[in-house]
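Participant: My questions will all concern the structure given below.
The values are calculated or read from the model by the stated rules, or taken from the named source; none is laboratory data. The shown structure was predicted, so the numbers you read here are calculated from the model rather than taken from an experiment. Counting neighbours? That spans all protein chains shown, and the Cβs are built from the backbone with ideal geometry, glycine included. These area figures cover heavy atoms from the full protein model, side chains too; ligands, DNA and RNA do not enter into them. Shrake-Rupley method; radii C 1.70, N 1.55, O 1.52, S 1.80 Å.
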Amino acid sequence: QLQLVESGGGLVQPGGSLRLSCATSGFTLGDYAIGWFRQAPGKEREGVSCISSSDGSTYYAVSVKGRFTISRDNAKNTVYLQMNSLKPEDTAVYYCAAQAARESSVHAMCTYLRRGDFGSWGQGTQVTVSS
């Protein structure tokens with residue numbers, strides 16, 4: 001059974017940092033693309049970042065590029081999202097999601113970050129950026 005569990009959220013002041021973790025089980029992490037999504041109150045869930053299964057290429061939404069960094073540790077079956085220079089508009093519930101993908105398809109999957117393209121989801125972790 002595929003399982004993803006997010007952790008690391010919390011309350012942080014603007015300009016601060018948080019590191020989110022996505023612990024996975026039930027599959028080989030190196031065979032899956034992993035995406036991070038977020039959903040703020042009253043807004044649709046949006047893609048934030050993605051890391052490929054094949055070569056570890058990374059992808060970012062324009063809104064977070066230069067501030068967030070996605071990485072993975074296959075030995076620990078864990079994906080991370082390092083969030084720096086946080087802004088109030090980053091406040092949301094953050095979710096990680098996984099999907100097996102062929103090497104030829106992972107680029108499009110991670111570029112578009114469509115919710116429907118990812119089959120397995122975690123429960124989410126709350127990130128609040130406020131003074």
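Participant: Looking only at the range 85-116, count every residue that is in contact with a strand residue (DSSP E or B) (Cβ under 7 Å, 6 or more places away or on another chain) and either open to solvent by 60 Å² or more (accessible area, probe 1.4 Å) or polar (S, T, N, Q) (or both) and tell me the total. Give the steps one after another, and end with the answer.
Facilitator: Pass one, the range 85-116, residues in contact with a strand residue (DSSP E or B) (Cβ under 7 Å, 6 or more places away or on another chain): 86-88, 90-101, 106, 109-111, 113, 115.
Now restrict to residues that are either open to solvent by 60 Å² or more (accessible area, probe 1.4 Å) or polar (S, T, N, Q) (or both): 87-88, 91, 99, 111, 115.
Qualifying residue count for the region: 6.
Participant: Restricting attention to the range 16-33, and to residues there that are hydrophobic (A, V, I, L, M, F, W, C) and modelled with pLDDT of 95 or more, which single residue is most open to solvent (accessible area, probe 1.4 Å)? Talk me through it step by step, then tell me what you get.
Facilitator: If we filter the range 16-33 for residues that are hydrophobic (A, V, I, L, M, F, W, C), which is where we start, we get 18, 20, 22-23, 27, 29, 33.
Then keep just the ones that are modelled with pLDDT of 95 or more; that gives 18, 20, 22-23.
Working: LEU18: 30, LEU20: 0, CYS22: 0, ALA23: 47 Å².
Ranking the qualifying residues of the range 16-33, first place goes to ALA23.
Participant: Look through SER53, SER49 and report the one residue that is in contact with a strand residue (DSSP E or B) (Cβ under 6 Å, 6 or more places away or on another chain), under 18 Å from LEU4 (Cβ atoms), part of a loop (DSSP other than H, G, I, E, B) and open to solvent by less than 60 Å² (accessible area, probe 1.4 Å). Even if it seems obvious, please write down each step before you answer.
Facilitator: Details: SER49 fails: part of a loop (DSSP other than H, G, I, E, B).
Going through SER53, SER49 in turn, just one is in contact with a strand residue (DSSP E or B) (Cβ under 6 Å, 6 or more places away or on another chain), under 18 Å from LEU4 (Cβ atoms), part of a loop (DSSP other than H, G, I, E, B) and open to solvent by less than 60 Å² (accessible area, probe 1.4 Å): SER53.
Participant: If I ask for residues that are in contact with a Phe, Trp or Tyr (Cβ under 8 Å, 6 or more places away or on another chain), outside any strand (DSSP E or B) and either within 13 Å of GLN39 (Cβ to Cβ) or among the charged types (D, E, K, R) (or both), which ones from the range 73-112 would you list?
Facilitator: none
Participant: Turning to a different aspect of this structure: Before we move on, is ALA23 under 12 Å from the mean Cα position of the chain (by Cα) and within 19 Å of MET109 (Cα to Cα)? Before you say what the answer is, go through the steps one by one.
Facilitator: On the way: under 12 Å from the mean Cα position of the chain (by Cα): yes; within 19 Å of MET109 (Cα to Cα): no.
So ALA23 fails the test.
Participant: With the checklist (1) of a type outside the set (D, E, K, R); (2) assigned to a loop (DSSP other than H, G, I, E, B); (3) open to solvent by 20 Å² or more (accessible area, probe 1.4 Å) in hand, flag the one item THR69 doesn't pass.
Facilitator: Just one mismatch for THR69, condition (2).
Participant: On to the next question. Being within 16 Å of GLY122 (Cα to Cα), within 14 Å of the chain's Cα centre (by Cα) and basic (Lys, Arg) is true for just one of ARG45, ARG67. Which residue is that? Reasoning before the result, please.
Facilitator: Numbers: ARG67 fails: within 16 Å of GLY122 (Cα to Cα).
Checking each option against the conditions leaves just ARG45.
Participant: Would you be able to say whether some residue in the range 5-13 is over 23 Å from GLY119 (Cα atoms), at pLDDT 95 or above, among the polar types (S, T, N, Q) and surrounded by fewer than 13 Cβ atoms within 10 Å (Cβ to Cβ)? Let's see the steps before the verdict.
Facilitator: First, the residues of the range 5-13 that are over 23 Å from GLY119 (Cα atoms): 10-13.
Filter once more, keeping what is at pLDDT 95 or above: 10-13.
Within this subset, residues satisfying the condition of being among the polar types (S, T, N, Q) are 13.
Pick out the ones that are also surrounded by fewer than 13 Cβ atoms within 10 Å (Cβ to Cβ) and you get 13.
Among the residues of the range 5-13, at least one is over 23 Å from GLY119 (Cα atoms), at pLDDT 95 or above, among the polar types (S, T, N, Q) and surrounded by fewer than 13 Cβ atoms within 10 Å (Cβ to Cβ), which makes the answer yes.
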